[in-house]
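A quick write-up on the structure given underneath.
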Amino acid sequence: MKLLLVIFIVHAIFIPCFSFDVSGKDFPLTLDYYKSTCPTVFDVIKKEMECIVKEDPRNAAIIIRLHFHDCFVQGCDGSVLLDETESLKGEKTASPNINSLKGYKIIDRIKNIIESECPGVVSCADLLTISARDATILVGGPYWDVPVGRKDSKTASYALATTNLPTPDEGLISIIAKFYYQGLSVEDMVALVGAHTIGMAQCRNFRSRIYGDFRVTTALNPLSATYLAKLQEICPESSGEGDRNVTAMDNVTPNLFDNSIYHTLLRGEGLLNSDQEMYTSMFGIQTRRIVSKFAEDPLAFFEQFSKSMVKMGNILNSKSMVDGEVRRNCRFVNT
């Protein structure tokens, strides 16, 4: 753990800082939205995320993934945080989220502190977006400016959570279509998947990969065969056995945000079929080129990841921007 923290500190010295112009007459978000109403919000979130990631570096990946799953359903409106009630069907029990999506208690913890300082001011959607940026930085990733001013949705969509989110076994063309639907390009997709450099995956999500074409994509490399054997120890072939056993998607630097995940794909060792498809799919002419670029140039990856995270964070729920709210408790609509 001490060695890991040293790596983080050394790496952080060289973290590039990327800023983007978010001005525009029709753009609803701004960088100084809370300047007068809650000027400490960014500092509070940063301080809490520092503690949270120090407690467990995996929390960084958990928060980034939670943000992703929020933005792909109704836009970045905090709908993924809503608990199910008699009158609201939540997103937490949808197939891509149930038994795998975490981080709700982390958001509760930060929200409680912010509410004590600036009650009724900072939306859960903004809180989650800022937390995802800070989580990235804390494990060695890049900084970017986070435009804020989102409103929290009063609704959730179980149906969209089931259909909009990419799945681990999905084919490349289908995943590209899901990103395009959100206004995100192929380059955005390849960059955002780079967040898997710090992620963990459950056996149920990579079983078909390691008992499928894993050996083919690694060109029968003996070193890859050893890695595969370890994966098969973690994840038995029979469905239902060890479904929730987990392993890192980046088997080289699993707690450090870097471009190692792309080198994994070049070796054919991608843990998820959806990731490996970006390099080995017959339809992946463009994605293969981008994967190679990010593997060769970590700064290019960092810059594009930053841009793509801003772009994804700017997917808004137009309805909530008009008649949404700032939830006092991220789990429930205000009453």
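The values are calculated or read from the model by the stated rules, or taken from the named source; none is laboratory data. Just so you know, these numbers come straight off a predicted model, no measurement behind them. Neighbour counts are summed over all protein chains in view; Cβ atoms, including those assigned to glycine, are modelled from backbone coordinates with ideal geometry. For accessibility, only protein heavy atoms count, side chains too; no ligands or nucleic acids. Shrake-Rupley method; radii C 1.70, N 1.55, O 1.52, S 1.80 Å.
Taking the stretch 104-117 as the range and being in contact with a helix residue (DSSP H, G or I) (Cβ under 9 Å, 6 or more places away or on another chain) and either free of Cβ contacts under 8 Å to residues at least 40 places away in the same chain or open to solvent by less than 10 Å² (accessible area, probe 1.4 Å) (or both) as the test, the residues that pass are 107, 110, 111, 114.
Within the stretch 299-335, the residues that satisfy the criterion of being surrounded by fewer than 16 Cβ atoms within 10 Å (Cβ to Cβ) and either over 20 Å from residue 66 (Cα atoms) or modelled with pLDDT under 95 (or both) are 299, 300, 318, 319, 322, 323, 334, 335.
How many of the residues in the stretch 69-90 are within 24 Å of residue 318 (Cα to Cα) and surrounded by fewer than 21 Cβ atoms within 10 Å (Cβ to Cβ)? Residues flagged as within 24 Å of residue 318 (Cα to Cα) and surrounded by fewer than 21 Cβ atoms within 10 Å (Cβ to Cβ) within the stretch 69-90 amount to 7.
Among the residues of the stretch 279-294, those that are out of contact with any Ser or Thr (no Cβ under 9 Å at 6 or more places or on another chain) and either in a strand (DSSP E or B) or in contact (Cβ under 8 Å) with a residue 12 or more places away in the chain (or both) comprise 283, 284, 286, 290, 291, 292, 294. Close contacts from the stretch 252-267, counting a first residue that is over 15 Å from residue 301 (Cα atoms) and of a type in the set (S, T, N, Q) and a second that is open to solvent by less than 20 Å² (accessible area, probe 1.4 Å) and part of a loop (DSSP other than H, G, I, E, B), with Cβ to Cβ under 6 Å and a gap of 6+ residues or different chains, come to 255/57. Across the stretch 273-292, which residue is most open to solvent (accessible area, probe 1.4 Å) among those that are charged (D, E, K, R) and out of contact with any Asp or Glu (no Cβ under 9 Å at 6 or more places or on another chain)? Result: 289. Within the stretch 128-176, the set of residues being open to solvent by 30 Å² or more (accessible area, probe 1.4 Å), more than 17 Å from residue 312 (Cα to Cα) and assigned to a helix (DSSP H, G or I) comprises 137, 138, 158, 159, 162, 163, 173, 174.
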